Amino acid sequence: MQTESPTGLSHIESYFAKYSDVPREVILKQDLLRVGHWFTDAALELAGHALVKSYRLFSYDLMPMTEMKRKEHRKIPEWFTIRGGDYGLRPVTVQTTLDSKSPYVIDVVEGQAKLLLKGREICNVSFPKPLKYYARKFEDGTAYHEIIAYGYFVTVFRNCQYWGPDEECRFCDININARQMKESKDFTFNAPVKPVPYMVEVARSIEEDATEEVGFPPTIDFIITGGTILKTLHGKDEDSFYLEYASALKWGGHRRYVNLQTNAKDKETMKRYRAAGVDCHHANMEVWDKRLFEWINPGKSRRVGWENWVKWMVESVDVFGEANVRPNFVCGLELAKPYGYPTVAEALKSTSEGIDFMMRHGVFPRFNQWRREPGSNLVLRNEQPPVHLEFYIELMRNYYETWKKYGLPVAHHNSVHPEARVMGRGHGTYDDIILLNEVPDYEARADRGMREGLKGCVTNP
Ligand code: SF4
């Protein structure tokens, strides 16, 4: 199969026709993540007051920051919402993924942001409003939102001790991204480790704003993440380090649901995390196939190994409960050059088998789309053309069917940002395909969230 590239509306329409059982929003969003998008000057200006992109972990861009001559990295939104147009699209969020060469461009037409494909209009675009705490700063000038992004995401360790080609996951640009952020001099917090008191204070302020808005402390989801700690960091081993953050975040306020991403851990260790207040664990496996796991994740493979990783994920369902074990997969790595599968069919078969296995055991995987970041090992070493759109669409179809087959619940969505509360995560379509197919008043809920803020989407105290 040839690698196709978008050629205009006929390109996307051909996929709408071929996959008429898949929501069109899912198809378009996958394409936007796959080949990125660009902003005209007018769109950049309009987006300038939105919730700014955090570069919270990886860059999630198809180009380096040094090529962003208009300082796009400090003007683009964390995500944008696509909606309407001739295809009658329901709203879904798309994580901003810059590529100046993309055929998808966001422009402004008669005062309204629009998504264009090769100059032809597809739909409306809107940008997320910043949360109130985005205006706050610590005395040393650190912006609160650089400690916790969009009320949810806390990267407590901005580097990874898996270092270099023999250790680092090959798709990952965490270390390069941290470096480019520092070199840009456009971010207020560049230390690799976030101080616990800073995290506690920002979480308090997020909760206070939300409580003021809705009149009671609502449930709020947070996620803690960071690089691997092989030996020690600030005198702590990996478990002691992450346990301290998890506990401080969980018990620092009311009704918090704490997600934590780390390497896979055995059941006894997971019990310690649960006792410390972790509600949901993400042992991000990145790719299902054993041979590819070993190639893509050399550090994880050597330290934990595929067999242990899978066994411990399954066992951790006993600790956290069904659907509270949510490993991430960097969707598309199955087809990475040079050792990925040669065909879409083989890649689909492998990962679909993995989805079936995991869901059968109550593990609820997530599929964040591979963004082919230029500083990553995979892209530095090999040309990596966009992964076939068919792969993403068919994988999401299989994902949804398997989710139904095993009767898993609809995922927990209590992020404090109203758009993140009612719509799926911007970096993939694993939430969207369930929400769009299963939530009967999806559009009305999204409208309430966008119109009324948190008040519009918190119904149960
Ligand atoms: S464990 Fe892998 S994906 Fe995670 S930060 Fe380290 S190198 Fe990146």
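HN-Hα J couplings of segment 82-92 from phi, Karplus 6.51/-1.76/1.60, θ = phi - 60°, integer Hz, Gly and Pro as x?
Result, rounded to whole Hz: 9, 6, x, x, 5, 8, x, 6, 7, x, 9.
Among rounded, prolate and oblate, which fits the chain when a ≥ b ≥ c are the square roots of the eigenvalues of its C-alpha gyration tensor, a/c under 1.5 means rounded, and a/b larger than b/c means prolate?
Rounded.
Taking each pair of distinct Cα atoms in segment 343-409 once, what is the resulting Kirkwood hydrodynamic radius in Å?
Working: mean 1/r = 0.0749 Å⁻¹.
Every distinct Cα pair counted, the radius reaches 13.3 Å.
Among the chymotrypsin sites (Phe, Trp or Tyr not before Pro) within segment 226-289, which fall in a DSSP loop and have no more than 14 other Cβ atoms within 10 Å of their own Cβ? Write down the numbers at each step before the final one.
Details: sites: Phe241, Tyr242, Tyr245, Trp251, Tyr257, Tyr273, Trp288; in loops: Trp251, Trp288.
Passing sites in segment 226-289 are Trp251.
Phe367's amide H: which non-local residues (gap 5+, or another chain) put their own amide H closer than 5 Å, with H modeled 1.01 Å from N in plane and none for Pro or chain starts?
Amide H to amide H, under 5 Å and 5 or more residues apart or across chains, Phe367 pairs with Phe329, Tyr430.
What is the dipole size for the chain, taken about its Cα centre, with +1 at each Lys and Arg Cβ and -1 at each Asp and Glu Cβ, in debye to the nearest 20?
On the way: 61 positive and 63 negative charges, 108 e Å.
About 520 debye.
I need the calculated FRET efficiency for the pair Lys129 and Ser184, taking r as the beta carbon distance and R₀ as 25 Å, to the nearest 0.05.
Step by step, r from the Cβ atoms, then E = 0.50.
Nothing charged except the Cβ atoms of Lys and Arg (+1) and of Asp and Glu (-1): what's the magnitude of the dipole of segment 279-391 about its Cα centre? Round to the nearest 20 debye. The partial results should precede the final answer.
Working: 14 positive and 15 negative charges, 76 e Å.
So the dipole magnitude of segment 279-391 works out to roughly 360 debye.
Averaged over every viewing direction, what's the projected area of the C-alpha convex hull for segment 11-170? Give it in nm², one decimal, please.
Working: hull surface 47.5 nm².
Its Cα hull, projected and averaged over all orientations, spans 11.9 nm².
How large is ³J(HN,Hα) for each residue in segment 97-103, as worked out from phi by the Karplus curve 6.51 cos²θ - 1.76 cosθ + 1.60 (θ = phi - 60°), to whole Hz, x for Gly and Pro?
9, 6, 8, 5, 9, 5, x
Give the relative contact order (percent, whole number) for segment 132-456; include only Cα pairs under 8 Å separated by 6+ residues.
16
Please find the FRET efficiency linking Ala191 to Lys405, where r is the Cβ-Cβ separation and R0 is fixed at 41 Å, and quote it to the nearest 0.05.
Values: r = 46 Å, r/R0 = 1.12.
That gives a FRET efficiency of 0.35.
With the dipole of segment 153-283 worked out from charges on the C-beta (+1 for Lys and Arg, -1 for Asp and Glu) around the Cα centre, which of Leu233, Cys280, Val200 lies farthest toward the positive end?
Leu233
If r is the Cβ-Cβ distance from Arg74 to Glu383 and R0 is 41 Å, what FRET efficiency results, to the nearest 0.05? Before the final figure, lay out each step's value.
Values: r = 30 Å, r/R0 = 0.73.
It comes out at approximately 0.85.
Antiparallel versus total DSSP beta bridges in the chain: what percent is that, nearest 5? Don't jump to the answer; show the numbers that get you there.
On the way: 23 of 45 bridges.
Bridges in the chain are about 50 percent antiparallel.
So which cysteines of the chain have no other cysteine's Cβ under 4.7 Å from theirs?
Cys123, Cys160, Cys280, Cys331, Cys457
In segment 9-126, with Lys and Arg counted as +1 and Asp and Glu as -1 at Cβ, which of these residues, Leu32, Leu44, His73, has the Cα nearest the positive end of the dipole, that is, farthest along it?
It is His73, whose Cα lies furthest towards the positive end.
With the dipole of the chain worked out from charges on the C-beta (+1 for Lys and Arg, -1 for Asp and Glu) around the Cα centre, which of Asn124, Pro365, Ile106 lies farthest toward the positive end?
Of Asn124, Pro365, Ile106, it is Pro365.
Measuring from centroid to centroid over Cα atoms, what is the spacing of segment 7-51 and segment 173-245 in Å?
31
If each residue's Cβ is checked for other Cβ atoms within 10 Å, how do Cys123, Cys169 rank with the fewest at the top?
Details: Cys123 21, Cys169 24.
The fewest-first ordering by Cβ neighbours comes to Cys123, Cys169.
Roughly how many debye, to the nearest 20, is the charge dipole of segment 117-229 about its Cα centre, given +1 on each Lys and Arg Cβ, -1 on each Asp and Glu Cβ, and no other charges? Display every interim value, and only then the final one.
Values: 13 positive and 17 negative charges, 81 e Å.
Taking the Cα centre of segment 117-229 as origin, the dipole is about 380 debye.
Throughout, read-outs are computed from the coordinates displayed, never taken from laboratory work. Fair warning: this is a prediction, and the values are worked out from it, not measured in the lab. Please note: Cβ atoms are built from the backbone with ideal geometry, for glycine as well, and neighbour counts cover all protein chains shown.
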